[in-house]
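The values are calculated or read from the model by the stated rules, or taken from the named source; none is laboratory data. Owing to the predicted nature of the structure, the values given are computational and were not obtained by experimental measurement. In this analysis, Cβ positions are derived from the backbone assuming ideal geometry, glycine residues included, and neighbour counts consider all displayed protein chains.
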Amino acid sequence: MDILFILIKKSATLMTMSRNPSTPLSKLSAEKLASHTPSAPAPSHLPESMIASVSLLPEDKRLILFTRHSLRERSDGNGFASYQLPLTPKGRVLAKSWGRWLAGHLPYSLDVDSISSPIGRCIDTAQLMQEGAGLKREISHQSLLVEPGSLVTEPDIANPIFKEIGVLNFINRFLQGNLEGTKNAYQGGLDILSLFYQNQPQHGHLMLAVSHDTLLSAFLAVMFDVIEIDWNDWPKMMEGVFLWFDDKPFEQANAYFVWRGEVYIRPISALLDGYRAAGFHPSKLLLPPEVKWT
């Protein structure tokens, strides 16, 4: 497969705030990917980027859709959403319609267990997407997918800051390593990648992983190796990233991801090297048990 090593055409923030200009992130040539451009209209209220991403998906991969939950009730003015906030009626319709659309227009089976944040709106999103696809599979609750759970080591310290400074400032301080009670940014990204790697579906299947905006935005920032994002980079409700891995051991694999109509490759070894260069020990990472990394 041909790989194009070119600049990433993201927002100005993502282009200028990179930790390392030589970050080994590359964009795949769209001509080498299977084309799925369905004629059926997208579900109402679905972010436009999702259909652009669907058209770039390859065939017969062990595909994962890491998505923010569907439309929910309003949060407070600081961007903090209570765990109790439910999906709106439109959000429930959207989740079900999106599941039906994916099942009917992708060469992938959704007949596989899902993983989700244990928060109600995420579980409901996964359940409704399954229902739309005509399925009723297990939904495994994953604490790593709770906001800001995957990022935090000391909740008593970090959670009050999260509520005080708002989600965008929290994520940017996390990315810059300037936030007490949280993981190193590379660790946060690697732990989520490891979770996905260990829960990959079979070839030709699509697994749902439902989470929150904070986790998705932090994960993408780590994958793009940036230390600051803005609201233009923030994932909308029901917006997500498609990803898959090489059929290789975790530490040797590439992570492929499709975000807002572009396909990228990130070597997992580059994230491991970044984590080690920051002076952290691999024993803190939630790596697959077979990984022997020193």
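None of L243, L208, L216 is among the aliphatic types (A, V, I, L, M), assigned to a helix (DSSP H, G or I) and within 24 Å of Y108 (Cα to Cα) except L216. E147 meets the conditions (1) closer than 23 Å to K284 by Cα; (2) of a type in the set (D, E); (3) part of a helix (DSSP H, G or I) in every case but one. The failed one is (3).
Scanning the stretch 110-120 for residues that are in contact with a helix residue (DSSP H, G or I) (Cβ under 8 Å, 6 or more places away or on another chain) and outside any loop (DSSP other than H, G, I, E, B) yields S114, I115, S116. Among the residues of the stretch 122-152, those identified as charged (D, E, K, R) and modelled with pLDDT of 95 or more are D124, E131, K136, R137, E138.
The lone criterion from (1) assigned to a loop (DSSP other than H, G, I, E, B); (2) more than 30 Å from I165 (Cβ to Cβ); (3) modelled with pLDDT of 75 or more left unmet by I51 is number (1).
Within the stretch 222-240, residues that are over 17 Å from L271 (Cα atoms) reach partners that are among the β-branched types (V, I, T) and at pLDDT 95 or above with beta carbons closer than 6 Å, at six or more positions or on different chains, in the pairs G240/T67. For the stretch 237-294, filtered to residues that are at pLDDT 95 or above and of a type in the set (K, R), the residue that is surrounded by the fewest Cβ atoms within 10 Å (Cβ to Cβ) is K248. For the stretch 122-159, filtering for residues that are within 19 Å of L85 (Cα to Cα) and more than 20 Å from the chain's Cα centre (by Cα) leaves 1.
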